[in-house]
1. If the chain between residue 68 and residue 115 were fully stretched, how many nm would it gain, using 0.36 nm times the residue separation less the Cα-Cα distance?
2. Along the Cα→Cβ direction, 7 angstrom out, place labels at residue 44 and residue 14. What is the inter-label distance in nm?
3. How large is the direction-averaged shadow of the alpha-carbon convex hull of the stretch 85-136, in nm²?
4. In straight Cα distance, which aspartates and glutamates are under 19 Å from residue 41, not counting same-chain residues fewer than 8 positions off?
5. Relative contact order for the chain using alpha-carbon pairs under 8 Å, separation at least 6, rounded to a whole percent?
6. Provide the per-residue ³J(HN,Hα) series for the stretch 31-45, in order, calculated from phi with Karplus coefficients 6.51, -1.76, 1.60 and θ = phi - 60°, each as a whole number of Hz, with x at glycine and proline positions.
7. What distance in nm separates the two pseudo spin-label positions at residue 137 and residue 32, each 7 Å out from Cα along the beta-carbon direction?
8. Is it possible to state the helix-based mean residue ellipticity at 222 nm for the chain, with each DSSP H run of 4+ residues giving -39500 (n - 2.57), the sum divided by total residues, to the nearest 500 deg cm²/dmol? What is it?
Amino acid sequence: MRNIFGFFGPFVWAFAATTNTMVSNIIGQGMQDRVIDLINKIVRLSTGSAVVVLLLLNAFPSAFLSIYGQDADFIRSAIPVVRVVSSALVLMSFSAIWLNAVTGTGNSKINLLIEAITITAYCIYVYLVLEVFNLSIVIGWMSEWLYWSFIFTLSYIYIKSGKWKMKKI
């Protein structure tokens, strides 16, 4: 399943890196009031491409999984995981943009705090789901939903708060 992220990830991270650079650029030009509009434009591009991947993966999951040369049982048991992971790609497609917008504001402490909170929640979830409750791998992969939801929520709150506008670099 990591191969799905490995294939699609570079597209998302390219949009995210662009967000970082462009947010820094327009802040440097004194156009802080245009940051959210810029983020939203990039989110539409990134999420649109993620939805295309989601539709393709979910329309033809067996074709995708057959690339790995596994038997029919593997493919049958992996399809629910493909569905979870492909939907996580959509979350990733806009969450990474918002996180890199935070990076673009120049406040690396906030960025680190967002990542630390998210990773802590992620690790607790994975430990509880897989080690304590011994739930299925499908439920385990839902940790990606939690990860990208936390990244988005915390980044969105920070950007929308406007506190980054007072940051002096």
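1. 13.7 nm
2. Computed distance between label sites residue 44 and residue 14 equals 2.0 nm.
3. Result: a mean projected hull area of 4.1 nm².
4. 33
5. Working: 166 pairs, mean separation 48.9, N = 169.
Rounded, it is 29 percent for the chain.
6. 10, 4, 5, 9, 4, 5, 4, 4, 4, 4, 5, 5, 4, 4, 5
7. 4.9 nm
8. -27000 deg cm²/dmol
FYI, it's all coordinate maths here, none of it is from the lab. What you see is a predicted model, and the numbers here were worked out from it, not measured in a lab. Don't worry about glycine lacking a Cβ; one is built from the backbone with ideal geometry, like all the others, and counts go over all protein chains shown.
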